[in-house]
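Read the structure below first, then the notes.
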Amino acid sequence: MDQLKQLENGIGSADAINLLPQDALPAVTIRGLTILPGMVIHFDLNKGPSIASVEQAMLGDQRLVAVTRKDDGEDAPDFEGIYHVGTLVLIRQVSKLPGQILRVLVEGLSRVRIYAISQNDTGIMTRVSYEKDDNSDIDALTEEAMTRTVKESLDAYGAFFPKVGKAVKDQIEEGMSLGKLLDCITINMPLNTEDKQKVLGAISVRERFSILTGILMREVEVIRIKNDLAKDIRQRIDKNQRDYILREQMQYIKEELGENNTDSDAQHFLAEAEKLKAKEEVKEKIRKEITRYTNVSGSSSESAVERAYIETLLELPWDKVSRDSKDLERAEKILNDQHYGLEKVKERMLEFLAVRMLTGKAGSQIICLVGPPGTGKTSIAKSVAEALNRQYVRICLGGVRDEAEIRGHRKTYVGAMPGRVAAALKQAGVKNPLMLLDEIDKLGNDYKGDPSSALLEVLDGEQNHAFRDHYVEIPLDLSQVLFIATANSREGIPRPLLDRMEVIEVNSYTANEKFHIAREHLVKKAMKKNGVRKTEVAFSDEALRDIIRFYTKEAGVRGLERQIGAVCRKEAREIVKRRKERMTETVNVTPENLEHYLGKPKYRQDKVNKKPEIGIVRGLAWTSVGGDTLQIEVNLMPGEGKIDLTGQMGDVMKESARTALSYVRSVSGKYKMAENFYKKHDFHIHIPEGAVPKDGPSAGITMATALLSAVTRTSVRADLAMTGEVTLRGRVLPIGGLKEKLLAAKTAEVKTVLVPKENEKDVEEISEEIREGLEIIFVETMEEVANHALLFHGKGA
C-alpha cells in the first residue's frame, strides 16, 4: 500500500477528492470489456489478485472498481497499462465455476477517476475519486436540442439495424437526463471497447454527446457504404452465378456432343506452341494470347476471334526453312525440259543458284518478268521453284485495290484476316518459298489505300526482314523469300516499285519456238487433259505449223493450246466409239483434215504486195499480242491543203503524221515541186483495219515515205518494211518492240527492213533464227530511207 500512501500524502486538500475510507477501493482489471454506469453485466475471473479483490469487496460494502486494460495481452498492468477512468460497480452475485473460475455479476454505479493502482497477493487496490456528470455549460434549450439530435441519430442507425434500434429505445426512459441517455444508448449498442471507453472517459456531457453522435453518424455512413458495396457484389455474384450455370450447362452439352472445351483447346495450343520452331518472343506472345483465350467466355464472339488468331500464329513458319537444291546440272535440266526458249530467265535463275552455293546465303531476290500474255511468265516460276527445290506459292494482284489485302486487317475487326503475303507464307509452310506476284502491273488504288505502296516494304531487301502484318502484329522475316513478279508492260508498274525489281524482258515467241513448244509440251498436255492416248491421235509437224499460222494470232501460246485442245475434244467422241468397239486406230491430224477439226482458217497471213505501188508503204507495229505489219495509204486530191487522218489513230500518231507532212513540204524544192502545190491539194492518210485503235510514233518514217511517194508520184518497193520515228528535220529516232516487229516482217515474207541506226544494239541481241532471211538496213535520216524505199527513175524494182 506504499503507492497509495505516497499518493495520499501528495493530495493538497479534501476539496479535490472526497477523502472517505471508500476512496481506497479494491479493483479488477478486465479485458475487452468496458462497464458504464447503469450497466448490469457479469464477467469471469481466473487470476488470483482479481479474485482476492472480489473477496475483499464482499467482506466490505461489496463495492468494486472495474477498470479496462489497454493491452489485453498484459496480465498484471501497471498504472500506464489501464484506462484512467473506470466504473464503480456494486457486486450483485458471485458464482464459482469449474476450473477455479469466478463469475461476478455487477451493476455500474458511477464514474471514477483512478489516481493510483497497486497489486499484491491480497488483491488489487486503487485510489479513486468519484466523478459526476458535468453539464454546467448546458442550459435547458441546449439539452433539449442535444436530446433530439441524439435520438434522430439513433433513428438513422436503427433504420439499418432495426433490432438494435428497438432494443435501445426500449431501454430509454421518459425524463431521463441527457448524460444517462447517452450512457444508456452506449450500453445497448454493439460498439467496440475503445468507443465505449471514449464515452466512459467523457465526464463532460457536451463532450460525451459529441463523441456518441460522431460514432452514430460514422456507423450510419459505414453501413450505407457497406450496403452499397454488398448490393454491387450481390449483382455481380448473381451475374457470375448465372454465367457459371450457363457455362456449366454448355460444358455438359459439349461433353455430350464429344466436342473439345476451351481448356482442352488451350492445352492443345500450348503443346503446339512448345513444338513451334520460333524465337522466344514469338512463343511468349502466343502464350499470352492463349491465356487471354482461356479467360474469355467460350460463347462470345471474342473467343472465336482469339482462337482464329492463335491458330494463325501457330500455322506460320517462323523459323522453318526448306533446304535449297545445290545441283546446278539438275536445275538446268528441269528448266530446259519444261520450257523452250526464255534463255535470259533460265540464265538468271542459274546465276542465283550459283551465288547461293558460293555464299551460303539466299539473299532477297526480286525479279520481274515483263512480256505479252501467254509467254510462260507464270509457268516458269513453278519450274524455277522445282529447280531450286523450294515451295511455290502464287499471289494474284490483278484488280487488288485495298492496302489491307497486302498488310492484312487489324484483328479487332469482325472477319479480320492476315494479308496475302502472310497467308502465302502460311500456305507454303516454310519461310523461304518462291513467291510469285502475278499481274503486278494490274494493281489498283482507291480511298482504302494504295497496295503498291504497301508492296514497297515487301520488295525492299533492306526492310523486309521485319515485315509487319496488321493482323499478325509480330514482324515476319521475308528476307529469304525469292520473289518473282510478272507484268505485261512496265507502264503499269509504279516507278518506286519498279526500281526495287530486276526486270527481265520475256519477248514474243517466234513461229519456230511456238512449233517446238506445241510439239514438246502442248500436245502432250492437251491429250492428257482430254483423256486421249498417244496411240490414238498424232499431230503432223505441218498441221501444227498451220494451226500457228492460220488459227492463232498471239505473242504467247495460250490460243495455240486451246486450238490443240479443240482438236483433241473433237476426236474424243470418235475415240469413245472406237474403244467401245475395241478398235485400235491412230488418227493423223494433217493440214488436209485440219479444217474438219477447227473450221475455216481464222486469220490470213499478211503478205507483201505483188508489185510496187505509189503512196502505199508497209510499216511495222508492236501490239500486246506480238508484232504486226500495217499498210499506210496516202491519196492526193484537188483541194486547199487540208489533211485527213483516218483509221483510229491516236494523238501521238496524228502528231507524227503532221510532222511527216511538214518534213515532206520542207524538202519539196529538192524534188522540184511547184510552190503552190500544197495549196491546191488535200492529203488523206489512212491505215486499214479502222476498227483497231493505233498509236505511237514508230510509224513516222512510214507515213513520211508514203507522203513523199504520193507527192513525187514515185513507187515504193513492195518487199520492204520500215519502222522509226521521224523529226521535222528528217532525223530517224529509235523505237521499241523490235523483236516482235522483225518477227512480223518475216512472217509477211518481207525481204528488207529499215531500222533506226540507234537500234543496232537491239538487233544484235535478237536471235539468228529471227534475223535469218532478212536484210536489215540501219538508217539515220529520211534521205537514206527515201533512197532505199523509193524507186526513182533508173532504179530497178
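The values are calculated or read from the model by the stated rules, or taken from the named source; none is laboratory data. Keep in mind that what you see is a predicted model, and the values were worked out from it rather than measured. A quick note on method: Cβ atoms are made from the backbone with ideal geometry, for glycine too, and the neighbour counts reach across all protein chains shown. Areas reflect the complete protein model, heavy atoms only, side chains present, ligands, DNA and RNA absent. Shrake-Rupley method; radii C 1.70, N 1.55, O 1.52, S 1.80 Å.
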For the chain, the longest principal axis of the Cα atoms and the Cα long axis of helix 48-59 enclose an angle in degrees, to the nearest 10, of 40 degrees
Using amide H atoms built in the peptide plane, which far-off residues or other-chain residues are under 5 Å from TYR83 H to H? THR68, LYS70
Name the shape class, rounded, prolate or oblate, that the alpha-carbon gyration tensor gives for region 359-508, where a ≥ b ≥ c are the square roots of its eigenvalues, rounded holds for a/c under 1.5, and otherwise prolate holds if a/b is larger than b/c and oblate otherwise. oblate
I'd like the trypsin sites (Lys or Arg not before Pro) in region 44-103 restricted to DSSP loop residues with at most 16 other Cβ atoms within 10 Å, sorted by number. LYS47, LYS70
Gain in length, ASP139 to ARG63, computed as 0.36 nm per residue apart minus the alpha-carbon separation, to one decimal in nm? 24.0 nm
Rounded to the nearest 5, the percent of DSSP beta bridges in the chain running antiparallel is 60 percent
Cross-link reach list, aspartates and glutamates versus LYS642, counting only Cα pairs under 12 Å and skipping chain neighbours closer than eight places: ASP682
Could you tell me the number of lysine pairs in region 678-775 with C-alpha atoms less than 24 Å from each other, where the two lysines are 8 or more residues apart or belong to different chains? 12
Taking Cα pairs under 8 Å and at least six residues apart, what relative contact order does region 616-682 come out at, in percent? 39 percent
So for the pair ILE474, HIS42, with labels modelled 7 Å out along Cα→Cβ, what separation do we get in nm? 7.4 nm
For LYS761 and MET637 in one chain, what is 0.36 nm times their gap in residues minus the Cα-Cα distance, to one decimal in nm? 40.5 nm
Counting only protein heavy atoms and using a 1.4 Å probe, what share of the accessible area of region 674-797 belongs to carbon plus sulfur, as a whole percent? 49 percent
Amide H contacts under 5 Å for LEU476, restricted to residues at least 5 apart in sequence or on another chain and with H modeled in the peptide plane, are PHE467, ARG468, ASP469
Volume per residue (Å³) of the convex hull spanned by the alpha carbons of region 635-729 is 100 Å³
Can you compute the FRET efficiency between GLU491 and GLU274 using 1/(1 + (r/R0)^6), with r the Cβ-Cβ distance and R0 = 56 Å? Round to the nearest 0.05. 0.65
Test item: Cα-centred dipole of region 556-698, Lys/Arg +1 and Asp/Glu -1 on Cβ, debye: 500 debye
Sorted by chain and then number, the residues having a modelled amide H within less than 5 Å of the amide H of VAL112, at least 5 places away or on another chain, are GLY86, THR87, LEU88, GLU131
Just the number, please: carbon plus sulfur as a percent of the accessible area of region 149-261, 1.4 Å probe, no ligands or DNA/RNA counted. 52 percent
Pairs of Cα atoms under 8 Å, at least six residues apart: use those to get the relative contact order of region 463-598, whole percent. 23 percent
Just to confirm the number: angle between the C-alpha axis of helix 700-712 and the first principal axis of the chain, 0 to 90 degrees, nearest 10? 30 degrees
Assuming R0 = 56 Å, what is the FRET efficiency of LYS751 and CYS396, from their Cβ-Cβ distance, to the nearest 0.05? 0.80
Is it possible to state the helix-based mean residue ellipticity at 222 nm for the chain, with each DSSP H run of 4+ residues giving -39500 (n - 2.57), the sum divided by total residues, to the nearest 500 deg cm²/dmol? What is it? -13500 deg cm²/dmol
Accessible solvent surface per residue of the chain, calculated while the other protein chains remain in place, 1.4 angstrom probe, Å²: 53 Å²
Any idea which of LEU443, VAL785, THR126 is furthest toward the positive side of the dipole for the chain, if Lys and Arg beta-carbons carry +1 and Asp and Glu beta-carbons -1? VAL785
In order through region 740-757: 3J(HN,Hα) via Karplus (6.51 cos²θ - 1.76 cosθ + 1.60), integer Hz, x for Gly, Pro: 5, 5, 5, 5, 5, 5, 5, 4, 7, 6, 6, 9, 10, 10, 9, 10, x, 4
Modelled FRET efficiency - R0 45 Å, ILE776 with ALA572, Cβ distances, 0.05 increments: 0.45
24 Å Cα-Cα threshold exceeded, pairs from LYS442/LYS607; LYS382/LYS426; LYS285/LYS426; LYS553/LYS607: LYS442/LYS607
If the cut-off is a Cα-Cα distance under 13 Å, which aspartates and glutamates reach LYS611, setting aside same-chain residues fewer than 8 apart in sequence? ASP719
Projected-area mean, region 425-520, by convex hull of Cα positions, square nanometres: 8.6 nm²
Region 711-757: GluC sites (Glu not before Pro) in DSSP coil with no more than 12 other Cβ atoms inside 10 Å: GLU749
Kirkwood Rh, region 471-620, all Cα pairs: how many Å? 19.4 Å
Leaving out ligands, DNA and RNA but keeping every protein chain, what accessible area does SER698 have, in Å² rounded to the nearest 10, with a 1.4 Å probe? 20 Å²
Quick one: dipole size for the chain, taken about the Cα centre, charges +1 on Lys/Arg Cβ and -1 on Asp/Glu Cβ, in debye to the nearest 20. 4400 debye
Any chance you could check the Cα centroid distance between region 526-596 and region 86-110 for me, in angstrom? 125 Å
Pop a pseudo-label 7 angstrom from the Cα along the beta-carbon direction at both ARG410 and ILE237 and give the gap in nm to one decimal. 4.0 nm
Using alpha-carbon positions, the gyration tensor of region 278-347 gives root eigenvalues a ≥ b ≥ c; with a/c under 1.5 called rounded, otherwise prolate if a/b exceeds b/c, else oblate, the class is prolate
Can you compute 3J(HN,Hα) from phi for each residue in region 664-674, using the Karplus curve 6.51 cos²θ - 1.76 cosθ + 1.60 with θ = phi - 60°, rounded to whole Hz and x for Gly and Pro? 4, 5, 5, 9, 4, x, 5, 9, 6, 8, 5
What is region 135-210 by shape, rounded, prolate or oblate, if you read a ≥ b ≥ c off the alpha carbon gyration tensor as root eigenvalues and call it rounded for a/c under 1.5, prolate for a/b larger than b/c, and oblate otherwise? oblate
Across 5 Å bins from the origin, how do the percents of Cα pairs in region 649-797 run, short distances first? 2, 9, 18, 21, 21, 15, 8, 3, 1, 0
Helix 162-171 axis, angle to the chain major axis (alpha carbon atoms, nearest 10°): 20 degrees
With the label point 7 Å along the Cα-to-beta-carbon line of ASP644 and a cut-off under 17 Å to each amide N, the hits in region 680-717 are 680-691, 707
Once both labels are modelled 7 Å past Cα along the beta-carbon direction, what's the LYS151-MET417 spacing in nm? 8.0 nm
Which values of log₁₀ I(q)/I(0), to two decimal places, follow from the Debye formula for region 584-680 at q = 0.16, 0.23, 0.24 Å⁻¹ with a uniform point scatterer at every Cα? -0.93, -1.37, -1.40
Output wanted: per-residue J couplings in Hz (rounded whole) for region 227-233, from phi through Karplus 6.51 cos²θ - 1.76 cosθ + 1.60, θ = phi - 60°, x for Gly and Pro. 5, 4, 5, 4, 5, 4, 5
May I ask you to derive the relative contact order of the chain, considering only C-alpha pairs under 8 Å and at least 6 residues apart, and to give it as an integer percent? 7 percent
In the full protein assembly as shown, how much of ARG394 is accessible to a 1.4 Å probe, in Å² to the nearest 10? 120 Å²
In nm, what is the difference between 0.36 nm times the number of residues separating HIS84 and ASN120 and their Cα-Cα distance? 11.0 nm
